[in-house]
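One structure is given below, encoded as C-alpha cells.
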Amino acid sequence: MKKSRKISKSFIGFLFVSMLIWVLITMSKEYVTTTEVPIAYINIPQNLLLQKQPKKTIEITVKASGFKISMLNLRKKVIDIELNTLSKKNTNTYYVLTRNYFSKIKNQLADGVTLQQIEIDTLFLSLGSLQSKKLVVVPNYKINYHIGYDLSEAIAISPDSILVSGPKNQIEQLQEIQLEPFELSNVKENFSKEIHIAKPKKLSNLRFETEIVTLKGKVEKFTEGTINVDFEIINVPKDFDITTLVKSISLTFIVSLSDFNKVNEDSFKVECDYNISLTNNLNYLVPKIVRKPSFVKSIKFVPSKIDYLIQK
C-alpha cells in the first residue's frame with residue numbers, strides 16, 4: 001500500500017510568496033487598454049430638452065499600471081460632458097466632437113491614468129425646442145369622515161396648477177396634472193397631506209415646476225337645523241292674483257357647529273316662478289332656493305309643491 005506524500009507547509013508558504021511577488025511585478029507594469037466609462041450630459045441649454053435617451057457610455061484607451069486599470073474598472077467615475085456649445089446637424093439632431101473634451105476627460109481620470117484616445121469621435125443627441133404649459137392639478141383622493149363630521153370648505157390645493165416644460169409633441173398631449181391617489185379614513189380633524197404628482201409614464205422628457213402638491217382640508221362637526229322661510233312668487237301677470245294655501249316652507253339643512261348661529265330667515269331666498277308652472281302645465285308652484293349661505297349643505301324643503309288659486 002502506497003503512502004500519500006504530505007506537502008510541507010514551508011513549500012506552500014514559498015509558493016504563496018512567489019505568486020504574490022509575480023502578481024505585484026505584473027500589476028506594477030504599465031499597460032495600454034480600452035475600457036468603457038459612464039458619461040453624463042450637463043449644462044444642456046435652457047431652451048432645449050433631450051427627446052431620446054443619448055449614449056450613456058464611451059470607450060476610451062488609457063495607459064496605466066495594472067493596479068490603476070483594475071481600480072478604474074472597479075470604480076468607474078462618471079465623465080461629465082458639458083453641452084454649453086452644440087453643433088446642429090438637422091432640426092432635432094445635435095452633436096459634439098469628443099476631441100473637444102479630451103482635456104476635460106483626461107483631468108477627470110484618476111492620478112496615474114493617462115488618456116491615450118477616445119474611441120468615438122462624435123456624440124449625437126436628439127434635442128427638441130422646450131415648450132411650457134400651465135396645467136391644472138387634479139387630485140385623486142378618497143376620504144371617509146367620522147360620523148357627524150365633514151369638510152367645512154373645499155379642499156385647498158397648493159399649488160392648484162403647475163408649469164410643465166418639455167418637447168412640443170409631448171406638451172400638446174397634456175391637459176391636466178393628476179396626483180397620486182391617497183385615502184384617509186375616520187377623519188374628524190383638519191388634515192394636510194403632501195402628494196406627489198403622477199408623472200405620465202409614456203412621456204419621460206418632461207420638467208415639472210414642482211413634483212409635490214399640498215392638500216389641506218378643514219374638518220368640523222356638523223349638525224342639522226330647521227327654519228321656516230317665506231317664499232316669493234315671480235312672473236305673475238299684472239291682472240292675476242295668486243293665492244297659496246301656505247305662505248312659507250320649512251327648510252332642513254346641514255351646517256357646522258361654528259356656523260350654526262349665523263343662519264336665520266334672511267339667509268335664504270325662495271322663489272316660485274309662475275312661468276315654469278304655466279309652461280309645463282302644472283297646477284302647482286315649484287319652490288326654488290335662489291340664495292343660501294355658502295357654508296350650508298344638503299338643503300331639503302317641505303312642501304316641494306305649493307298649491308295655488310288664481311283670481312283674475
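Since every read-out is calculated from the coordinates, none of them should be taken as a lab result. Given the structure is predicted, the values throughout are model-derived calculations rather than measurements. In this analysis, Cβ positions are derived from the backbone assuming ideal geometry, glycine residues included, and neighbour counts consider all displayed protein chains.
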(request) Among ASN264, ILE233, VAL62, flag the residue with its Cα farthest along the positive direction of the charge dipole of the chain, charges on Cβ as +1 for Lys/Arg and -1 for Asp/Glu. (result) VAL62
(message) How large is the convex hull of the C-alpha atoms of region 82-160 per residue, in Å³?
(response) 228 Å³
(request) Would you mind working out the magnitude of the charge dipole of region 96-149 relative to its Cα centre, with +1 at each Lys and Arg C-beta and -1 at each Asp and Glu C-beta, to the nearest 20 Debye? (result) 380 debye
(request) Name the residue farthest towards the positive end of the dipole of the chain from the options PRO159, VAL136, ILE118, assuming +1 on Cβ of Lys and Arg, -1 on Cβ of Asp and Glu, about the Cα centre. (result) ILE118
(request) Would you calculate the volume per residue, in Å³, of the smallest convex hull containing every Cα atom of region 183-252? (result) 258 Å³
(request) Report the Stokes-Einstein translational diffusion coefficient (µm² s⁻¹, integer) for region 37-179, Rh taken as the Kirkwood radius over Cα pairs, at 37 °C with viscosity 0.692 mPa s. (result) 170 µm²/s
(request) Give a residue-ordered list of calculated ³J(HN,Hα) values for region 168-181 (Karplus: 6.51 cos²θ - 1.76 cosθ + 1.60, θ = phi - 60°; whole Hz; x for Gly, Pro). (result) 4, 5, 8, 4, 5, 7, 9, 10, 7, 10, 7, 9, 4, x
(message) If I fit a long axis through the Cα atoms of helix 9-28 and take the longest principal axis of the Cα atoms of the chain, what angle between them do I get, 0 to 90°, rounded to 10?
(response) 70 degrees
(message) Bin width 5 Å, origin at 0, all Cα-Cα pairs of region 263-312: what percent of pairs per bin?
(response) 5, 16, 26, 21, 14, 11, 6, 1, 0
(request) At most 11 other Cβ atoms within 10 Å and a DSSP loop assignment: could you name the trypsin sites (Lys or Arg not before Pro) in region 218-260 that fit? (result) LYS238, LYS247
(message) One quarter of the convex hull surface, Cα atoms only: what value does that give for the chain in nm²?
(response) 38.0 nm²
(message) Based on C-alpha coordinates, I'd like the Rg and Dmax of region 80-119, in Å.
(response) 12.7, 42
(message) Please give the charge dipole size of region 209-312, origin at the Cα centre, charges +1 on K and R Cβ atoms and -1 on D and E Cβ atoms. Round to the nearest 20 debye.
(response) 140 debye
(request) Go ahead and estimate [θ] at 222 nm for the chain from helices alone: -39,500 (n - 2.57) per DSSP H run with n ≥ 4, summed, over the residue count, rounded to 500. (result) -4000 deg cm²/dmol
(request) Could you sort 82-92, 279-289 so that the peptide with the highest average Cβ count within 10 Å comes first and the rest follow in order? (result) 279-289, 82-92
(message) Let me spell out the model: positive unit charges on the Cβ of Lys and Arg, negative unit charges on the Cβ of Asp and Glu, origin at the Cα centre of the chain. What dipole size does that give, in debye rounded to 20?
(response) 2780 debye
(request) Assuming 1.306 mPa s and 10 °C, estimate D for region 222-311 with Stokes-Einstein, Rh taken as the Kirkwood radius over Cα pairs, in µm²/s. (result) 113 µm²/s
(request) Counting only C-alpha contacts under 8 Å and six or more residues apart, can you give the relative contact order of the chain as a whole percent? (result) 13 percent
(message) Cα atoms only: what Rg and Dmax, in Å, come out for region 129-220?
(response) 15.5, 54
(message) Cut-off is 10 Å between beta-carbons; in what order do ASP160, ASP266 appear when sorted fewest neighbours first?
(response) ASP266, ASP160
(request) Round to a whole angstrom and tell me the spacing of the C-alpha centers of region 83-143 and region 181-197. (result) 40 Å
